[in-house]
Amino acid sequence: MKSTKILKSYNELSSTVANIVEEQITKNPLTKLALPTGSTPLGLYDELVKRKLDWSLVITFNLDVYLMNVKHPQSYQTYMRKNLFEKTNIYPDHSHFPFRPFSAFEDKIEKSMGIDLCILGIGSNGHIAFNEPGSSFDSRTRVVELSEQTIEDNSRFFDSIDDVPKQAITMGLGTIMESKKIVLMVNGDHKLNILNVAMNGEVTEDVPASILQNHENVEVYYCE
Ligand code: PGA
C-alpha cells in the first residue's frame, strides 16, 4: 500500500512536484525525465518555467501521443512545445515522443541508461499514460485504442467528441515501471475514488495504476 500526501491546493501540488523535478535536475544535470500531458501537469510546467532551470543536458521522453497530425493544436507535441519546451533551454534533439519503430524508442530509453524520474497523472478509469484497463503489466510502447471513457474525458479539449483521436501511442506499463522513481500527481476529488482503488485495492490489469503498488520508489500527491 502506498501512502498519498494530501496537499492543500493545486498550486501546492504543482510546486511540490516542481521541487522534486528541480532537485533531480540540480543533482543530476543529465537527468532523463518521462513527462505527462493533460490538465494536471499544466501548473507544474508553469512553475518549472518560472524557476529558469538549466535544461541543457536534460533528456525527456513523453509518455504518450495521440495518433494525429503533430501540428494540431491539441497534439501532445504542440502541448509540450507551448507549455515547456519553447520556454526552457532544452535542446530540441533531447525531447522525444514515442516513435516508430517502437523498439527503437525503447532502445533510446535504455541506451540513455533509463528514466530517472517519471511524472504521471491518472485517468478517471485508472489508466496511466494511455495504458487503458486491460493493458498487460508487461506491456511496452505500442499503439492502443482509447477507451470510451478516455475519449469522453478528453473531449473537453476538442470542439466535438468526434474530433478526439481514437488511437494513441503509449509507453507500456513495463516501460514505465522500469523508471527509477515515479511521482503520481492527482488533482480533483473526482479522482479520489479511482486513486483509492489503485493504491489500496487489488493489483489488477483492470486498474492499470494499481501496478504502482509494486514499485519501490513511488510518491503520490493529491489535492482536491
Ligand atoms: P488530466 O488527465 O490530467 O487531464 O485529468 C490525466 C490522465 O488522463 O492521465
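The values are calculated or read from the model by the stated rules, or taken from the named source; none is laboratory data. Being a predicted model, the structure only gives us computed values, none of them experimental. Cβ atoms come from the backbone with ideal geometry, glycine included; neighbour counts cover every protein chain shown. Accessible surface is based on the protein model in full, side chains and every heavy atom, while ligands, DNA and RNA are left aside. Shrake-Rupley method; radii C 1.70, N 1.55, O 1.52, S 1.80 Å.
Numerical summary
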quantity	calculated
Residues of region 43-131: accessible area per residue with a 1.4 Å probe, Å²	46
Inter-label distance, nm, simple model (7 Å from Cα along the C-beta direction), GLN213/SER160	4.3
Share of carbon and sulfur in the accessible heavy-atom surface of region 161-224 [1.4 Å probe, %]	41
Residues whose placed amide H lies under 5 Å from that of SER95, excluding near-sequence neighbours	THR60
Global form of region 1-63, assessed from the alpha-carbon gyration tensor, a/c cut-off 1.5	prolate
Share of pairwise Cα separations in region 83-199, more than 20 Å, in percent	51
Residue-averaged 222 nm ellipticity for the chain, from DSSP H runs of 4+ at -39500 (n - 2.57), nearest 500	-8500 deg cm²/dmol
Around GLN167: net Lys/Arg minus Asp/Glu count, Cβ-Cβ under 14 Å	-2
Eligible aspartates and glutamates near LYS166 by straight Cα distance, threshold 15 Å, same-chain separation 8 or greater	ASP64, GLU132, GLU145, GLU148, GLU152, ASP153
Over 21 Å (Cα to Cα) - which of LYS52/LYS180; LYS87/LYS181; LYS5/LYS32; LYS32/LYS180 fall in this group	LYS52/LYS180; LYS87/LYS181; LYS5/LYS32
15 Å beta-carbon shell around GLY38, net charge (K/R +1, D/E -1)	-2
Loop-resident sites, region 22-63, for trypsin sites (Lys or Arg not before Pro), counting at most 10 other Cβ within 10 Å (DSSP)	LYS52
Charge dipole (debye, nearest 20) of the chain; +1 at Cβ of Lys and Arg, -1 at Cβ of Asp and Glu	760
Whole-Å distance, taken between Cα centres, linking region 21-58 and region 68-108	14
Estimated translational D of the chain in µm²/s (Stokes, Kirkwood radius over Cα pairs; 4 °C; 1.567 mPa s)	74
Percent RCO, i.e. relative contact order, over the chain, from Cα pairs under 8 Å lying at least 6 residues apart	26
